[in-house]
Each structure stands twice: as structure tokens, then as C-alpha cells.
Amino acid sequence: MSYTLLYEHESVRRPLQIGDMLDGYPVSAIGVDFFEVDNVRRYFDAESVACYTFAHSRVIAVRNSCYAHFFDRVTGHLLLAGRSTSSGRYVHGVFHECIVLDSPDGEREILFWEASKRMMDAGVEARCGATVTEFCGLPRENGCVPVGDELVPLNEAVWFETGYRRISELFTDGSCIGRFIAPNRPNYTLTSTGLMCPTDDIIRLDDGRTASPFETVRLRNGDYALASEAYLIHTDIYSSHWSSSVPEGYELFMHNGVAAYWSSGMVVTVEDTGERALRYDAVEFEGRWYSHTWANDNLRRCEECGAFHRNATANYCGPCMTASRTRVRGYSNRASSYMAPEKDVPIKFGIELEVGCDRGVNRQTCVEYVADAFDRVTDSVNYVTYKEDGSICDVNGFEIVTRPDCPSVHKRVWSEVLSDTRVLGSITSWRSGKCGMHIHVSRKPLSELWVGRIMVLVNADAFAGLLRSVAGRGSNGYSQVKPKKFGDVKRGSSRYDAINISGDHTIEFRMFRGTTLLSSFLKNIEFVEAVLDYCRPHARSLQVIGDPQDFLSYVGEQRKRFSNLFGFLKQKGWYDS
């Protein structure tokens, strides 16, 4: 079954889009019956879930079968009651879910939109969701549709010709009934909602109304309700109509202006305000319920599970602190970007090292060995995360991603990790030829001129030999080297350029081949430091940017600071002995 997913926030209701924010995370995928947030896929099911409520917004599933228009497959014209199709079949009536036609043998035929083959044979096309735009514009409070100058509850109206009409008017008006339904059709009954339905399939609602199976959903208490009513509120409701008595186990409660019966467990008392509220509008903490305002002022949200905790300095709650230590997250996870640095310097580095698992060692064991090594040097949970990367899946790989921090901190930490025998015996990076090392640099302190000089240097034809030697690889699909001009900084870049400037917060040096050799790893960090200083505005004229000999002279002058880089270049013959 397919749905149209609606995003509801404050006074806005519109179709859900990729990028919409839910509890601080963007929607990353949308399907016919699901959406995905923070790598968690949430499904809709007509018999269980029809709405997901977050702190400040909701995602509602509207079953497409409730909203359909019918068109002539030949002409493309909208089919209305009282007209004929291009094949000469007379249209007796049009409903949300079906169209009534003269059949070839002279009988009247009811075609539901799901019957695609029969629709095609009849020369009719059903387009579902045609009135979802109108649905999105309905007032949140009462779920009504416009009938003339009035607003009428959705379950009391039906789309007729060019607009909504009251069902009661259509079926008490003798002039309409002959055009709209087939009276006296054997084994069919007119439901309270205005549809012709096989008598044996009729669903009787708790308030006495009748409906077709296509219009109803089964609630968790076993009863049925109209989909249009349940989807506007929540599947935990008993009924959306007032009643003289409250059903056992339910509480009559006003939510967003809608009076509904909610299961008693869904309504809680908010400690800081004393008011009654739905669970979705409150925060549970240590067995009690509080308002979101109080929680935001007094608690901190775990970056892993979203739960609140009291530790004002920790990014994770206690359980996630333990579980997240060795968890390999999805590629789009950005947790490391929000970790606090040890040294809050203006220009910070963030390091990504792609690694594979050595033969005979499973990935989880590799991650645990790496995490143990980081733990001996720093608080690993707040320094590094491990992520999936599709480009290295064939080597059972993962990506080690650090928080932004001072280069000296990274050198100290990684010097210990890449000296650990268990780490070096379980992971590999250089050998497969598929792993890379990327270094992100804070962009805010860098002017456009500064970034432009970096792009020109790294991509200069004359610099290509030196760059290949330092990086350990040449231009490739994941790190493309091509000549640049200073003005190219205003045009941006591909994310796969050797210097990627497409990000808002960092520029990325992508040219390095992955390595677990400590001296090579430190050499890469020092190369980025050297490039930044060498390209600093006013440090040297634009004419020499891109000249490898001038860059080598600079590194030679700073050999104590860039000892690993200088030693490597000297070993490779870039300096005369």
C-alpha cells in the first residue's frame, strides 16, 4: 500500500521532503511507505502506525487510495460524472476510490483505482494523491474540507465533479443519485461514506456508520475507524467523535484542537507545569514527565539515541557512551563534527583514515583494537567515530574519523595508536590501494585569496611530481588534480577534487593514499600545515605559487617544524645530499 507522507510543523502541513528536520536530524530517504532519519527507517502500516510524532513536528501518512482522480487514457481529460470516455463508456459517478462506468455488456461497472489492469482495459487512468495539495491546506484543528462557504468534516464529504459536496446532499437529491451510483445493483450496498461496496465487505464502525475496507484502518484496540479520521489524529484513538461515555481504558483529550479518545497510557501529567499532555508533547526522565522547555533548560540530549541526561559536559548518555565506543555508524553520520576539541585553536584539523581489515581478522575485532588504543591516550568516545564507506567495502573496511582539533593533538594521539602492535596487526590501509587519508581544515579563518592560492599550488602542473611523491598516488576518481586559477575559488569545486572546497565549514585535502605507517601519517599532516603556511596571503608573491623548488626551499627552512615531511622528501631525492 502506498501513501503520501506529510510534514506537519507549527501551522504548516505539506508533503514530506528529503532534508526536513525531525528532532535535529534531516530526513535522508523517503519511500512509498517509509521515511528515514538518522539511519533509522520508520515504516507505516494501515493496521498499526499512521503517524510519527517528534518534539516539534509530525509525519502523517495519507493513504493514496483515499484521494484519486480519473482521466481518459486517450485524451488525458479529467473524467466527471455525466460524461463519456473516448471509448464511449458513460461515467455514472466518480468517488475518492472508484469510478462507475457503463460496462461493455450494458451493466454498470465499479472500478477501484487499485485494479490497474481493468482500468487500462476500460481506457481509464487513476492518478492517486490528486487532492493531497488540498488536504495539506486543510485547517489542522478540525480536519475539514471546503463545501461552498462552509467547512465540512472530511468523512461527511465526497469529491464530486469539480469540488467537495456533502454526502447527505448527494444521496437525498434524486437528480444526483442516478448519475452517481447504480441503484438496485445486486450484492452492493451504499455505505455511509457514499461508496458502493460489496455487501459482504462492509465495515461497521463503532458509531454505527458503515464504510468500505478501502477507507478504514484497524486500531490497536481492535476496532475500525475511517482512515481519513485516524490519519488526521493517531491510530491510538478510539474514535474521533464525541460520545456520551468514555470507553474503558481511554481518556477524552484535546490535542492540537482535535477532541479524541486516546488510550490512557498516552496521556501523562507534566511535572513542571502540572498540566495533562500527550507523551509526544513531553519528555520522560527518570520515570517522570517534563515539558520540552524544562528539559532543554536542565538536561542535555544524547547525540546517539536522542534521550536526555544530566551530564552537562558529555555528548552521550551512559548506555550509549559504552555502546557507541565501537559502533560503526552510517556514512552520513556527523557526530565527530560536534565533539569539543582539546585545544580550541582557530585553524583545526579533522582527520579521516580509511582502513581495511587484515586477513583473518573480522571488522568488529579491528574496531575494538583501535578503540582500545585510542582509550589509552584520550577519551575515545569524544575524539573519534567509526563509519561505513562504500568505496572500501570489498576490503571489509571502515573509516576512522576524528573530531576537529589542533594538529599537535592529533600527532600526539595518533603517535600512540599507530605504535600499538594489535592495531598494526589487524588493520591495513596502504596495501589495498583503495584506502585514502583525508584532512579537513577549518574554513572560517581562511580568506578566499588564501584558499585560491592553496588550490593553485596543489593543482599546478609543475607541482604534480612533488604532490604525487608526498601523497603516494596521482590524480584519480576520488582525488582529481587539474589546473586551477585564483578565481576558481568563487566557482566552488567537485567534492572529489584533490582540494575539495564544496563544504561550508572546511576545505578538504583528499590526495593522500591511506597509511598506518606513523612517519608517513605524520608527514601528511605536516604537508597540510606547510601548504597552509606557504600559501598564506602576502607570505610570497603570486608568481612563485606552484613552483616546487620554492616550496621545497620553504620546507627546508622549517625542517625542525616539519621533520617528518623534510626527512621523507630528502629520502626521495628532492634535496641534494
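Numbers at a glance
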read-out: Estimated vicinal HN-Hα couplings, Hz - the stretch 508-518 in sequence order (Karplus 6.51, -1.76, 1.60; Gly, Pro = x); value: 10, 8, 10, 7, 7, 6, x, 8, 10, 6, 4
read-out: Extended-chain gain in nm, criterion 0.36 nm per residue less alpha-carbon gap, residue 279 and residue 338; value: 18.4 nm
read-out: Which of 21, 119 has the fewest Cβ neighbours within 10 Å, and the rest in rising order; value: 21, 119
read-out: Neighbourhood charge, 12 Å Cβ-Cβ cut-off, centred on residue 559 and excluding it, Lys, Arg +1 and Asp, Glu -1; value: +1
read-out: Amide H within-cut-off set for residue 272, under 5 Å, with H built and near neighbours excluded; value: 291
read-out: Set of lysines with alpha-carbon distance to residue 572 below 17 Å, sequence-local pairs under 8 removed; value: 523
read-out: Amide H contacts under 5 Å for residue 56, placed H, 5+ residues apart; value: 23
read-out: For the stretch 326-571: span of alpha carbons on each principal axis (Å, largest first); value: 52, 38, 34
read-out: Distant-in-sequence amide H partners of residue 436 (H built 1.01 Å from N, under 5 Å); value: 354, 514
read-out: Estimated inter-spin distance, residue 444 and residue 421, nm [label 7 Å along Cα→Cβ]; value: 4.5 nm
read-out: Kirkwood Rh, angstrom, the stretch 314-451 [1 / mean 1/r, Cα pairs]; value: 15.5 Å
read-out: Derived scalar couplings ³J(HN,Hα) [the stretch 365-374; Karplus, 6.51 cos²θ - 1.76 cosθ + 1.60; whole Hz; x for Gly, Pro]; value: 5, 4, 4, 5, 4, 5, 4, 4, 5, 5
read-out: In order through the stretch 399-413: 3J(HN,Hα) via Karplus (6.51 cos²θ - 1.76 cosθ + 1.60), integer Hz, x for Gly, Pro; value: 10, 9, 10, 9, 6, x, 7, 5, x, 5, 5, 4, 4, 5, 5
read-out: Segment residue 120-residue 14, extension gain: residue separation times 0.36 nm, minus the distance between their alpha carbons; value: 35.1 nm
read-out: Gyration tensor (Cα) of the stretch 460-537, equivalent ellipsoid semi-axes in angstrom; value: 21, 14, 13
read-out: Gain on full stretching of the segment that runs from residue 561 to residue 32 - 0.36 nm per residue minus C-alpha separation; value: 184.7 nm
read-out: Ranked list, fewest to most other Cβ atoms within 10 Å of each Cβ, for 294, 414; value: 294, 414
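Just so you know, all these numbers are worked out from the coordinates, no wet-lab data involved. All values reported here derive from a predicted model rather than from experimental measurement. Don't worry about glycine lacking a Cβ; one is built from the backbone with ideal geometry, like all the others, and counts go over all protein chains shown.
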